[in-house]
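> Below is the structure I would like to discuss, written out as structure tokens.
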Number of protein chains: 2
Amino acid sequence: MASIKDVAHHAGVSVATVSRVLNDHPSVRADTRDRVLTAVAELGYRPNAVARSLRTDQTRTLGLVISDVLNPFFAELARSVEDEARALGYSVVIGNADERPDLQDHHVRTLMDRRIDGLLVTPTDGGSPLMLDAARSGTPMVFVDRWIKGVDVPVVRTDGTDAVRDLVAHLHALGHRRLAIVAGPAATTTGRERVEAFRSALHEFGLALPADFIGQGDFQAESGRRVTARFLDLPEPPDVIFAADNLMALGAMDEIRARGLRVPGDVALAAFDDIPWFVHTDPPITAIAQPTGELGRAAVRALIDRVEGRTTDSVILSARLVTRRSCGEPEGSKP
Amino acid sequence: MASIKDVAHHAGVSVATVSRVLNDHPSVRADTRDRVLTAVAELGYRPNAVARSLRTDQTRTLGLVISDVLNPFFAELARSVEDEARALGYSVVIGNADERPDLQDHHVRTLMDRRIDGLLVTPTDGGSPLMLDAARSGTPMVFVDRWIKGVDVPVVRTDGTDAVRDLVAHLHALGHRRLAIVAGPAATTTGRERVEAFRSALHEFGLALPADFIGQGDFQAESGRRVTARFLDLPEPPDVIFAADNLMALGAMDEIRARGLRVPGDVALAAFDDIPWFVHTDPPITAIAQPTGELGRAAVRALIDRVEGRTTDSVILSARLVTRRSCGEPEGSKP
DNA sequence: ATCCTCCTTGTAATCGATTCCACGAGGAGG
DNA sequence: CCTCCTCGTGGAATCGATTACAAGGAGGAT
């Protein structure tokens, strides 16, 4: 592969001049510039980004450590992050943590070794020593969707409180009184917040959230299935199951179907995070939709602000309820 | 951030010695090694991968240019690629082409500028000049899932011919005779091959595939919807629609549902690529399942073989039919 | 005691860029 | 005609690692 030296030699100039041409430095005579450009074209030369990064101490690359690529919500988030970053002249390197803190650490370490300019993270836990170090060490960092308490890092996330209240209101109106939740890991903010929002919405409607009706999941389908099984084995099972993410909702459906029960006849089902498939499931699933694309884009803008030395605040967007048939017939419509 | 010089200074040795310790060079006295290791720990030193790559001319990074992260099939492929690569000591940088040749080129260029050690691609088209160049230029490269004709690059893919024949047999047994296909872009091999497999399977059963029954899609949901609309507007619409990927199947469902038609009563539906949601759609969708994980892992192994100077052959895995209810009741079961 | 090895370590070149500094040519001003 | 500036360019240092080569010291053989 041709290097800047080859180009310089080919054009009969010094490497300094080639570099100037490549970086649009003004003080290069037009004909010299042309000669260099011709040499570049003839050799098919492309600057070595590795060497450039070493010298300039910037990679124009952002790291994104995501909880789970197989979760359509995060896939969409990753996509919007990449789109916005590209528009702003940055590349994105994605690390998939698969909801595992050890893998998350692995990716954070690898990305920092690669000297990425900034890091976007959806933490899968309460903050490993490594993550805390990274946050303190000065690497520009922004949390998306989930965050870690007590760490001074801007957060771009969705507040689902109102949407959850709307959901509970909807469920209450349909006559449901025994509502259970498949929660995410308590180590994640979204894991805790969604339970809290649910609990306080229930309280508003004079309902309690007994311990039996809180199932500990891990945002993966299998845990949704396991928790649902536990719920359904209860002497007095819930009449609504609210899954804190779409994969656990999938697991819940698996279990409900395996038992030959019907949604919403036997149990109603709702999920946090809306995905295209929810329109076509049997029945279509009522869900809380996040502005995923905007979340990703805002996160990138916030991160790049930090990278380029500007300051940023946290951003909080809001979610909304999308009513379908999985909790019972919406008002005024028929089977 | 501490550099190797700081470590050397702190430990009272030269940078060469630090480097030797870090790379497990045998000729370092035990106590020197300990001193260096202590310094490394005290400073929290991590080698700069950029500098190391520049010197060693290898990044231990693989590039993966994928057609569309939002497609669950590719998300799973990406995940398995990353898993296997990590197990073998490599990182993966993913570029999402969004089925757009220009974006694909952008990512190929960016990845090559970053001097990735090898490139894994699912081409979205017949091969841009850039891609052809890259293939010829000596960058180790392997195609996954899709490939480009006339380029000497190993391919790791699934042969769906038998599964498609099984599907057609299944459809034929259920009494369907008017079968249509929502094809992928003709510029992609999977776009063409799936149509060809379908056509020759139909032929085997004495059926034709009229031009009207081949709809040009682009592997995205919206095109599935558009093509399905065209099919349903035909004076004699098909009684089966086979979508060449899962997103176009989603689009097809959107359109069918929008018209108030029922699956499989009014039209049957089948898809290439199986995804977890297909179990829970209304009705569950019959699909052709690829061994996605194995595909990704085999591709990584093939690529790393090339990177490390071994030779590789192409790998062809096979797909299988998963029968559900979207084409009619399977033999011996009831509604 | 001398010389030869082997072991351990340091010095310095190198990878491919960027960028500070210096230098020569040419034009303007005195 | 000389001095000073500006403009365009080249030389060389630098980023943080790796590694070939050299060198110093210890120990063994003669």
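The values are calculated or read from the model by the stated rules, or taken from the named source; none is laboratory data. Just so you know, these numbers come straight off a predicted model, no measurement behind them. A quick note on method: Cβ atoms are made from the backbone with ideal geometry, for glycine too, and the neighbour counts reach across all protein chains shown.
> Going by the conditions given, is A:ALA289 surrounded by fewer than 23 Cβ atoms within 10 Å (Cβ to Cβ), more than 14 Å from chain B (Cβ to nearest Cβ) and either at pLDDT 95 or above or within 16 Å of the chain's Cα centre (by Cα) (or both)?
Judged against the criteria, A:ALA289 is a match.
> Any residue that is within 12 Å of chain A (Cβ to nearest Cβ) and either over 23 Å from A:ARG55 (Cβ atoms) or not basic (Lys, Arg) (or both) - is there at least one of those in the stretch B:2-11?
Checked against the condition, which is being within 12 Å of chain A (Cβ to nearest Cβ) and either over 23 Å from A:ARG55 (Cβ atoms) or not basic (Lys, Arg) (or both), the stretch B:2-11 yields at least one hit.
> Additional query: At the interface with chain B (Cβ under 10 Å from one of its Cβ atoms), of a type in the set (Val, Ile, Thr) and farther than 15 Å from B:PRO72 by Cβ - does that describe any residue in the stretch A:67-75?
First, the residues of the stretch A:67-75 that are at the interface with chain B (Cβ under 10 Å from one of its Cβ atoms): A:68-72, A:74-75.
If we keep only those that are of a type in the set (Val, Ile, Thr) too, we end up with A:69.
Subsequent filtering for residues that are farther than 15 Å from B:PRO72 by Cβ retains none.
No, every residue in the stretch A:67-75 fails to be at the interface with chain B (Cβ under 10 Å from one of its Cβ atoms), of a type in the set (Val, Ile, Thr) and farther than 15 Å from B:PRO72 by Cβ.
> Does A:SER27 count as within 10 Å of DNA strand D (Cβ to nearest atom) and assigned to a loop (DSSP other than H, G, I, E, B)? Can you show your working first?
On the way: within 10 Å of DNA strand D (Cβ to nearest atom): yes; assigned to a loop (DSSP other than H, G, I, E, B): yes.
The answer is yes for A:SER27.
> Output the residues belonging to the stretch A:187-212 that are free of Cβ contacts under 8 Å to residues at least 40 places away in the same chain, surrounded by 14 or more Cβ atoms within 10 Å (Cβ to Cβ) and assigned to a loop (DSSP other than H, G, I, E, B).
Of everything in the stretch A:187-212, those that are free of Cβ contacts under 8 Å to residues at least 40 places away in the same chain, surrounded by 14 or more Cβ atoms within 10 Å (Cβ to Cβ) and assigned to a loop (DSSP other than H, G, I, E, B) turn out to be A:PHE205, A:LEU207, A:LEU209.
> All but one of (1) within 14 Å of another protein chain (Cβ to nearest Cβ); (2) of a type outside the set (Gly, Ala, Ser); (3) crowded, with 20+ Cβ neighbours inside 10 Å hold for A:HIS106, so report the exception by its number.
(3)
> Looking at A:ARG310, A:ARG325, which is the one that is at negative phi, in contact with a strand residue (DSSP E or B) (Cβ under 9 Å, 6 or more places away or on another chain) and not assigned by TED's automatic domain parsing to the domain that holds A:VAL164?
Just one listed residue meets the conditions, A:ARG325.
> Look at A:ASP273 and say whether it is closer than 30 Å to B:VAL263 by Cβ, crowded, with 16+ Cβ neighbours inside 10 Å and over 24 Å from the mean Cα position of the chain (by Cα).
The answer is no for A:ASP273.
> Something else now. Of the conditions (1) touching a residue at least 24 places away in the same chain (Cβ under 8 Å); (2) within 13 Å of DNA strand D (Cβ to nearest atom); (3) of a type in the set (D, E, K, R), A:GLU42 satisfies every one except a single condition; which number is it?
(2)
> Only one of these conditions is not met by B:ILE316: (1) in contact with a Ser or Thr (Cβ under 9 Å, 6 or more places away or on another chain); (2) within 13 Å of chain A (Cβ to nearest Cβ); (3) outside any helix (DSSP H, G or I). Which number is it?
Of (1) in contact with a Ser or Thr (Cβ under 9 Å, 6 or more places away or on another chain); (2) within 13 Å of chain A (Cβ to nearest Cβ); (3) outside any helix (DSSP H, G or I), only one is false for B:ILE316: (2).
> For the structure I just gave you, tell me whether A:ARG60 is under 24 Å from A:ASP305 (Cα atoms), basic (Lys, Arg) and within 12 Å of chain B (Cβ to nearest Cβ).
Against the criterion (under 24 Å from A:ASP305 (Cα atoms), basic (Lys, Arg) and within 12 Å of chain B (Cβ to nearest Cβ)), A:ARG60 qualifies.
> Let me ask you something else. Of (1) free of Cβ contacts under 8 Å to residues at least 40 places away in the same chain; (2) near DNA strand D (Cβ under 8 Å from one of its atoms); (3) within 12 Å of chain B (Cβ to nearest Cβ), A:SER14 satisfies all except one. Which?
The one condition A:SER14 does not meet is (3).
> Between B:SER67, B:SER80, which is under 30 Å from B:ALA244 (Cα atoms), surrounded by fewer than 24 Cβ atoms within 10 Å (Cβ to Cβ), within 12 Å of the chain's Cα centre (by Cα) and not basic (Lys, Arg)? Give the derivation first.
On the way: B:SER67 fails: surrounded by fewer than 24 Cβ atoms within 10 Å (Cβ to Cβ).
Every option except B:SER80 fails the conditions.
> Shifting gears a bit: What are the pairs with Cβ atoms under 6 angstrom where one residue, in the stretch B:83-96, is aromatic (Phe, Trp, Tyr) and the other, located anywhere, is surrounded by fewer than 22 Cβ atoms within 10 Å (Cβ to Cβ)? Sequence gap at least six, or different chains.
From the stretch B:83-96, the pairs are B:TYR90/B:ARG60.
> Go through (1) modelled with pLDDT under 95; (2) surrounded by fewer than 16 Cβ atoms within 10 Å (Cβ to Cβ); (3) farther than 24 Å from B:ARG146 by Cβ and name the single condition B:ASP233 misses.
Of everything listed in (1) modelled with pLDDT under 95; (2) surrounded by fewer than 16 Cβ atoms within 10 Å (Cβ to Cβ); (3) farther than 24 Å from B:ARG146 by Cβ, B:ASP233 misses just condition (1).
> Looking only at the stretch B:267-281, count every residue that is at the interface with chain A (Cβ under 9 Å from one of its Cβ atoms) and part of a loop (DSSP other than H, G, I, E, B) and tell me the total.
2
> Tell me, which residue of the stretch B:20-64 that is more than 28 Å from B:GLY127 (Cβ to Cβ) and of a type in the set (Val, Ile, Thr) is farthest from the chain's Cα centre (by Cα)? Steps first, answer last, please.
So the first thing to find is which residues in the stretch B:20-64 are more than 28 Å from B:GLY127 (Cβ to Cβ), and the list is B:20-56.
Still in the list and also of a type in the set (Val, Ile, Thr): B:21, B:28, B:32, B:36, B:38, B:40, B:50, B:56.
Numbers: B:VAL21: 40, B:VAL28: 45, B:THR32: 48, B:VAL36: 44, B:THR38: 44, B:VAL40: 40, B:VAL50: 28, B:THR56: 30 Å.
The qualifying residue farthest from the chain's Cα centre (by Cα) is B:THR32.
> Could you say which residue among A:PRO264, A:PRO284 is in contact with a Gly (Cβ under 6 Å, 6 or more places away or on another chain) and within 14 Å of chain B (Cβ to nearest Cβ)?
The conditions single out A:PRO264.
> Considering only residues that are crowded, with 23+ Cβ neighbours inside 10 Å and closer than 12 Å to A:ARG178 by Cβ, which ones fall in the stretch A:236-259?
Selection gives A:VAL240, A:ILE241, A:PHE242.
> Any residue that is touching a helix residue (DSSP H, G or I) at 6+ places or on another chain (Cβ under 9 Å) and over 19 Å from A:PRO291 (Cα atoms) - is there at least one of those in the stretch A:73-86?
The answer is yes; a qualifying residue exists.
> Same structure again: Please work out which residue is nearest to DNA strand C (Cβ to nearest atom), limiting yourself to the stretch B:5-45 and to residues that are loosely packed, with under 15 Cβ neighbours inside 10 Å and closer than 19 Å to A:ASP113 by Cβ.
Going through the qualifying residues, I end up with B:VAL15.
> Could you count how many residues in the stretch B:123-137 are among the hydroxyl-bearing types (Ser, Thr, Tyr) and touching a strand residue (DSSP E or B) at 6+ places or on another chain (Cβ under 7 Å)? Spell out how you get there, then give the answer.
Initially, the stretch B:123-137 is screened for residues among the hydroxyl-bearing types (Ser, Thr, Tyr), giving B:124, B:128, B:137.
Now restrict to residues that are touching a strand residue (DSSP E or B) at 6+ places or on another chain (Cβ under 7 Å): none.
Residues that pass the stated criteria total 0.
> Hey, does the stretch B:117-128 have a residue that's at pLDDT 95 or above, surrounded by fewer than 21 Cβ atoms within 10 Å (Cβ to Cβ) and outside the structural domain of B:ALA271 (by TED's automatic domain parsing)?
Among the residues of the stretch B:117-128, not one is at pLDDT 95 or above, surrounded by fewer than 21 Cβ atoms within 10 Å (Cβ to Cβ) and outside the structural domain of B:ALA271 (by TED's automatic domain parsing), which makes the answer no.
> If you go through the stretch B:195-206 one residue at a time, do you hit one that is in contact with a helix residue (DSSP H, G or I) (Cβ under 6 Å, 6 or more places away or on another chain) and among the basic types (Lys, Arg)?
No, the stretch B:195-206 contains no residue that is in contact with a helix residue (DSSP H, G or I) (Cβ under 6 Å, 6 or more places away or on another chain) and among the basic types (Lys, Arg).
> Pick out the one residue from B:ARG257, B:ARG262, B:ARG301 that is closer than 30 Å to A:LEU269 by Cα and outside any loop (DSSP other than H, G, I, E, B).
Answer to the selection: B:ARG257.
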